[in-house]
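The structure under discussion appears below in the form of structure tokens.
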Amino acid sequence: MVHIPSQKLKEQLLKDKLITSEAFDAIDKEASRMGQDLSDLLISRNIMRRGYYYNILSAFFGTEMASLTNKVINQEVLKLVPEDIARARRVITFEQNGNIVSVAMEDPTDINTLEFLKKRLKKDIKPFLALPEDIDKGFVLYGAESSKDFRKLIEENISASLRSRARGDEEKAAEIPIVSIADNIVAYAYALRASDVHLEMLETEVLLRYRIDGVLREITRMPKLISSALVARFKLLAGLKLDEHFTPQDGRFRQKSGPETVDLRVSIVPTSNGEKVVMRLLAATQRPLSLEDLGMTTKMIQIVKKNIEKSYGMFLVTGPTGSGKTTTLYSVLNMLNHPEVNIVTIEDPIEYNIKYVNQTQINTQAGINFASGLRAFLRQDPDIILVGEIRDEETADISVNAALTGHLVLSTLHTNDAPTAIPRLFDLKVAPFLCTAVLNAIMAQRLVRQICTECIYSYTPEASLEGTIKMQTKILGLKEEFKMPKRLYRGKGCSVCGDSGYRGRLGIYEILDVTEEVRKVIVDDDFNLDKLRIAARNSGMITMFEDGLNKVERGVTTIEEVLRVIRE
């Protein structure tokens, strides 16, 4: 990413009254200590927005912004630069007028890249400044075209792979065609922004599916005869036992995908038709996300900030597996990561490494679980403790006692919404008076798919849809009358979004701020959830459904998507 001198950035932020001089200097010093970009830290702390920062960059360098989101890019122009070079240099060729080629770049001051492109294309280059997501959009266009190439590559290599079937698994895994197929499965998954890769053994075929934006999509099918070699290849990469076929195994490995490095968590489980492989893809380096990036409203961010700035207590995030709880907690940790505090975590697994945070992985074989790890960390003089999940009475008891004795505890629970976290804590033998003493706030969340900005269109909603929404409102016990907007939005489906109409995800949230009124309900001998929800509403809580409807009205997601995740 291109940068401007910190003094120039400071002058602009002070001019716009977004920060004080002392606060800027403190964050600048902290960015150096943590090895993070100053701009990323300012954005993750909600001091400035990414678009605002890029406008400053554009003015400073005298370079126009390339808004690729609203442009239709000709494939011939795009492919003037091959995908591997475009990814390595972070450039997208998006327009050509005569002898001038317009190039979107993350760093339009990169003289070496400009000269390289000029010599390669034998044309004049006009650089434009582009947001990282705009550059990534161009890479998706490459990926959309490469799906046929991917399937062709698989088919070409399968026949060569089958010739090795008489050999042992270890020898088969070392065959170049199998290596190529395995590498391309990972590379193609990364290009499509898949979060998970599923290799499923059917009776006569191997089914390859990717989870993209939370939904599984079938990619291709391969002959069953190559299954053992393909599974063996991923076992080799993950450091697992090749000769073990009847016991679940877990491992991880790292792979380069163009200029990027991807961490993969591998799970292999025996099934009736063979061993199933599921791999979770994680970027090896993760830009810290601001709460705004995650989809929270300004009011929600204020409530979160108020409660995590306390020196003790518990901040809980609830939701089902895959709802983004860990990402939210990592964003909160990034906000709290200061030189003055000692942060420790006990996780299962560690998804991203955070500088200056002491992270420990659950290891049941070594006797490290959430409870024992948490107990050990309390002797390490911590200020802030992240517990990956409170799932048993012992972990709940130790977490509550830590929160009572001057520690800020961040953790997760598996509950449907924020209020039901309270009876869940009761189930874990946490007394009501302790809940009121330690709980700062409880946040529930889900992930909804965003409408693809390339193929978005508006439509007049059907009358029946309003009835469906009112029914859901009644189920949730909401008394407010919902007024159906005259226009709603959907995506038609295009090459950029893989014909799904969606691209990317963001959260919908509800935050239960534990106020005095809420505390009184929790310790009431006649406690019930209805009373708690009324108290929460009186304290200003809006439900996930309402937050989702707000995003529907703004054209961020669809009503069908909100209803899908709320009903899960």
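The values are calculated or read from the model by the stated rules, or taken from the named source; none is laboratory data. In this text, all values refer to a predicted model and were calculated from it rather than measured experimentally. Every residue, glycine as well, gets a Cβ built from its backbone with ideal geometry; the counts of neighbours run over all protein chains shown. Ligands, DNA and RNA are stripped out before the accessible areas are found, and what is left, the full protein with its side chains, is counted by its heavy atoms. Shrake-Rupley method; radii C 1.70, N 1.55, O 1.52, S 1.80 Å.
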For Arg379, work out the one condition from (1) within 27 Å of the chain's Cα centre (by Cα); (2) over 30 Å from Ile212 (Cα atoms) it doesn't fulfil.
(1)
For the condition exposed (fewer than 13 other Cβ atoms within 10 Å of the Cβ) and either free of Cβ contacts under 8 Å to residues at least 12 places away in the same chain or under 24 Å from Asp348 (Cα atoms) (or both), what is the one hit in Phe246, Phe253?
Phe246
Extreme residue, most open to solvent (accessible area, probe 1.4 Å), among residues of the range 45-74 that are assigned to a helix (DSSP H, G or I) and at pLDDT below 80:
Asn70
Could you go through the range 108-115 and let me know if any residue there is touching a strand residue (DSSP E or B) at 6+ places or on another chain (Cβ under 7 Å) and modelled with pLDDT of 90 or more.
yes
Check on Arg265, over 26 Å from Gly504 (Cβ atoms) and open to solvent by less than 60 Å² (accessible area, probe 1.4 Å)
no
Restricting to the range 411-451, what's the tally of residues that are assigned to a helix (DSSP H, G or I) and closer than 25 Å to Met300 by Cβ?
9
Restricted to the range 116-150 and to residues being open to solvent by less than 50 Å² (accessible area, probe 1.4 Å), among the aromatic types (Phe, Trp, Tyr) and over 25 Å from the mean Cα position of the chain (by Cα), the residue modelled with the lowest pLDDT is Phe150
Does any residue in the range 347-365 that is over 23 Å from Ala31 (Cβ atoms) and open to solvent by 70 Å² or more (accessible area, probe 1.4 Å) come within less than 9 Å, Cβ to Cβ, of a residue that is part of a loop (DSSP other than H, G, I, E, B) and not charged (D, E, K, R) six or more places away or on a different chain, and which pairs are these?
Asp348/Ile362; Asp348/Asn369; Asp348/Gly388
Residue check, Glu454 among the acidic types (Asp, Glu) and in a helix (DSSP H, G or I):
no
Search the range 413-432 for residues that are closer than 16 Å to Gly388 by Cβ and pair each with any residue that is among the charged types (D, E, K, R) and open to solvent by less than 50 Å² (accessible area, probe 1.4 Å) when their beta-carbon atoms are under 8 Å apart and the residues are at least 6 apart or on different chains.
Leu413/Glu389; His414/Glu389
The range 300-319, residues that are out of contact with any helix residue (DSSP H, G or I) (no Cβ under 9 Å at 6 or more places or on another chain) and part of a helix (DSSP H, G or I)
Ile301, Gln302, Ile303, Lys306, Asn307
Give me the pairs: first residue in the range 529-553 and assigned to a helix (DSSP H, G or I), second residue hydroxyl-bearing (Ser, Thr, Tyr) and modelled with pLDDT under 90, beta-carbon distance under 8 Å, and six or more apart or on different chains, which are they?
Phe545/Thr473
Of all residues in the range 229-241 being modelled with pLDDT of 90 or more and more than 26 Å from Asp348 (Cβ to Cβ), the one that is most open to solvent (accessible area, probe 1.4 Å)
Arg233
Would you please name the residue that is surrounded by the most Cβ atoms within 10 Å (Cβ to Cβ), looking only at residues in the range 184-222 that are in a strand (DSSP E or B) and of a type in the set (Ser, Thr, Tyr)?
Tyr210
